[in-house]
1. Scan region 172-229 for residues that are more than 17 Å from the chain's Cα centre (by Cα), in a helix (DSSP H, G or I) and farther than 29 Å from G358 by Cβ and jot them down.
2. Would you check which residues across region 180-199 are aliphatic (A, V, I, L, M) and without any contact (Cβ under 8 Å) to a residue 12 or more places away in the chain and list them?
3. Being outside the structural domain of A340 (by TED's automatic domain parsing) and out of contact with any Asp or Glu (no Cβ under 7 Å at 6 or more places or on another chain) narrows it down to one residue among L304, L213; which is it?
4. Looking at region 295-336, which of the residues that are surrounded by 14 or more Cβ atoms within 10 Å (Cβ to Cβ) and in contact with a His (Cβ under 9 Å, 6 or more places away or on another chain) is nearest to N273 (Cα to Cα)?
5. Exactly one of these conditions fails for A345: (1) surrounded by 17 or more Cβ atoms within 10 Å (Cβ to Cβ); (2) under 33 Å from the mean Cα position of the chain (by Cα). Give me its number.
6. Name the residue, out of E240, E251, E211, that is closer than 30 Å to L338 by Cα, out of contact with any Leu (no Cβ under 8 Å at 6 or more places or on another chain) and surrounded by 12 or more Cβ atoms within 10 Å (Cβ to Cβ).
Amino acid sequence: GDERARRDALGAGRPRGLASALGRRSRRGIAPVAAPCGGGPAPRASLARAGRPGPHHSRRGAPFLDAAAPARRRGGPHPGGAPGQARDAPVPARRSDAEGGARASRSAFATLYYAYVLDKEQRLLGVVSFRELIAAPKEARVSDTMERNVVTVTEDMGQEKVSQLFSRSGLLAIPVVDAEKRVKGIVTIDDIVQVVNEVATEDIQKIGGSEALGEPYLNIAFGRMLKKRAGWLSALFLGEMLTATAMGFFEKEIDRAVVLALFVPLIISSGGNSGSQATSLVIRAMALGELRLRDWFRVIRRELASGAALGSILGTIGFLRIEIWQHAFHTYGEHHVLVALTVFASLIGVVTFGTLAGSLLPFVLRRLGFDPASASAPFVATLVDVTGLIIYFTTASAILRGTLL
């Protein structure tokens, strides 16, 4: 249906255009426009509301007017029809300056905010608010009161750019035009809000380490949900096997200094958490248009400083914890200060690497043409787990050589 078409055209992370979603739906919102005439039948102008019919769209309006139409015309409500439905009202025309008029019921005007002005070729000329239209002198014309600098979107514009345009402009509706500025339809804020919610849902599910479900949690079949979740979990499990391999590689160091094994979960979890945090921030900034591919170096510099600072904070906490426990319970032996320094230095290295990896991975995926949300937090955590072990035991070998190792 129309909802499915709009969701496909404006889907998550895909630069597909608006054309397929606007198909039949948008053209319901385009009314006939008045054409200049030097005689013959009088021109006609109509008001039509874009979007789904019904009470849920009572606030969204986008009528189309002729530029030569009077800005205001006295008269009672147009008989017949429900508020917001398309209606035609013939008006007189002059030979030298054609006029098109439109009359609507008071309730229709209460639900409409602005009108788009088109020429006889359906090209967009401007936009006029109904407040200005009603307040204008009765001898004024639409072309005198309209705003010619109109915010528009094209049929092939991606949903992310459209949603960002709505966010910046604060408009309720934006016309969709072709290369020759002919109006093809309208995208309303309702359309974008619903699609953005769906996109955000998919991104959150991907960041959590699952394929996008594509339907409500309680409605999806159990087998289909397992299929969407098992793939990522299996891949992450295979990645964690590398962690076991790394642990085996440092088996001798662990045998000599068993105390090092106590801090393995602390070290690798801190790196994974920092990486997940960084990748979530970058993915969201990309979705909001705050970051582009060319910003990668700025992000790397920022995250390098952030990782070092965060690692220092966690390292200090770890150092103090070891020393407090040593003085209270004598847990870590005579070389407890060296052990604490090992944990301190390792946390700085692991957290810094985690933030760098987490922030850079979305840029790599975007450059390769993939959805940055695929850089899920569990994937980053798995990557940092392996490298975190290498950093930890390499640091321990350097600091504890000649004492515990």
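1. Of everything in region 172-229, those that are more than 17 Å from the chain's Cα centre (by Cα), in a helix (DSSP H, G or I) and farther than 29 Å from G358 by Cβ turn out to be F222, G223, R224.
2. Residues of region 180-199 that are aliphatic (A, V, I, L, M), as a first pass: 183, 186-187, 189, 192-193, 195-196, 199.
Residue satisfying the conditions is V193 alone.
3. That would be L213, the only listed residue that is outside the structural domain of A340 (by TED's automatic domain parsing) and out of contact with any Asp or Glu (no Cβ under 7 Å at 6 or more places or on another chain).
4. I322
5. The one condition A345 does not meet is (2).
6. None of the others qualify; the one that does is E240.
The values are calculated or read from the model by the stated rules, or taken from the named source; none is laboratory data. The structure presented is a predicted model; accordingly, all values stated were derived computationally and were not measured. Methodologically, a virtual Cβ is constructed for each residue, glycine included, from the backbone with ideal geometry; neighbour enumeration extends over all protein chains shown.
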